[in-house]
1. Evaluate the charge dipole of the range 192-306 about its Cα centre and quote only its size in Debye, nearest 20, assuming +1 on the Cβ of each Lys and Arg and -1 on the Cβ of each Asp and Glu.
2. With θ set to phi - 60°, apply the Karplus curve 6.51 cos²θ - 1.76 cosθ + 1.60 along the range 238-248 and write out the HN-Hα couplings as whole Hz, x wherever there is a Gly or Pro.
3. Place a point 7 Å from Cα of residue 224 in the direction of its Cβ. Which residues in the range 105-140 have their backbone N less than 20 Å from it?
4. How far apart, in nm, are two points set 7 Å out from the Cα along the Cα-to-Cβ line at residue 265 and at residue 208?
5. Under 15 Å from the 7 Å Cα→Cβ point of residue 186, by amide nitrogen: which residues of the range 148-175?
6. What net charge is computed for the residues neighbouring residue 280, neighbours being all others with C-beta under 15 Å from the C-beta of residue 280, Lys and Arg scored +1, Asp and Glu -1?
7. If each of residue 257 and residue 306 carries a label point 7 Å out from its Cα toward its Cβ, how far apart are those two points in nm?
8. Can you compute 3J(HN,Hα) from phi for each residue in the range 282-295, using the Karplus curve 6.51 cos²θ - 1.76 cosθ + 1.60 with θ = phi - 60°, rounded to whole Hz and x for Gly and Pro?
Amino acid sequence: MSSAVSVPRVPFAWGQAAAITAVAWLIFFALRQIPSGSDLNHMDFRVDNRGAGAIEFCDPLNPQFIPVVAMRSPVAMSVRTEAPPVAGREVRAVVSLRTANGKVIAPPDLLVTHTRRLHLLLIDPTLGDYQHLHPEPGTVPGEWNFRFTPRGGGTYRVFADFTPAATARGLYANDDLVVSGPPFAAPRPGSSVEQDGLRFTLAISPRLARAGQPLDLEFTVVRTEGGPVALEKVMDAYAHLVAFDPERSGFAHLHPVEPPAGAISDPARVNLRFKLTVPRAGTFTIWAQLNVAGREEFVPFRLEVAE
């Protein structure tokens with residue numbers, strides 16, 4: 001004879017479940033309120049760029065030209081100077097960054113990328129004077145101080161590159177700065193440049209560059225009289241390439257595909273490879289930035305892109 005054990009039914013406690021859910025939501029919102037060093041959130045950096053597209057800035061596998069001017073930035077940027085800028089003289093300037101709704105963007109609001117929180121890329125109308133600067137935070141929140149000496153007159157375009165902590169995604173902004181004086185008489189760049197006892201070469205594959213076609217770039221550095229190049233890292237890379245179009249509508253910032261880390265395999269002949277996709281035909285200027293034995297070098301090259 002068998003006997004069955006009956007288990008009493010426990011009525012579902014809807015009130016208890018609701019209380020647990022409410023406590024969970026309270027914990028969630030409480031954690032969201034814990035200070036993270038920034039008073040901004042991802043909603044402060046939302047922008048509608050329909051039709052303009054969104055491009056990842058530092059993707060070494062598919063780097064592209066970024067149309068900064070055409071893309072509406074969620075950050076308002078302005079540059080002012082202590083005195084009217086003059087070619088050949090040091091300029092003391094302040095760049096201000098604010099969100100579209102007027103909130104200041106201070107150091108805690110930006111992540112450190114490539115060793116710095118804020119990068120400025122300055123380029124003159126001839127594309128012959130390129131400078132990469134790192135402003136320092138000023139005493140006023142949202143203001144960043146920097147100095148530079150323009151080599152010629154004209155309207156310099158100032159591009160800002162930064163990554164908000166609230167989104168962890170690269171953003172860009174731009175402003176113009178008028179410099180008085182004659183334009184800079186820069187020599188026309190080519191595919192090979194000699195300066196400071198070094199020979200710099202930029203080889204492109206395929207040799208006939210076409211719009212929309214991925215390009216392989218090989219950057220080579222050797223000493224004209226032989227010997228090790230003594231290349232050092234700059235901003236966590238052995239070299240940076242930045243491409244500008246004649247209209248200065250944007251730029252492409254390239255980092256070496258290899259070596260990812262460690263020392264250069266052949267110090268007497270440095271070879272670094274890059275990738276680039278240019279969206280349209282035209283004549284582009286590519287600037288290489290590197291550090292040779294503690295001395296910063298900026299080297300221009302010309303890139304012709306066919307339809």
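1. Value, rounded to 20: 300 debye.
2. 6, 6, 10, 10, 10, 9, 10, 8, x, 7, 6
3. In the range 105-140, the label zone of residue 224 (backbone N under 20 Å from the point 7 Å along Cα→Cβ) covers no residue.
4. 3.1 nm
5. Output list for this probe position: 149-159.
6. Numbers: positive: 210, 248; negative: 245, 247, 304, 307.
My count for the surroundings of residue 280 gives -2.
7. 2.2 nm
8. For the range 282-295, the Karplus curve yields x, 9, 10, 10, 10, 9, 9, 10, 8, 10, 10, 6, x, 10 Hz.
Every read-out reported here was derived from the displayed coordinates using simple, explicitly stated rules and does not represent laboratory data. All values derive from a computational prediction rather than experimental measurement. Here the Cβ is made from the backbone with ideal geometry for all residues, glycine too, and neighbour counts use every protein chain on show.
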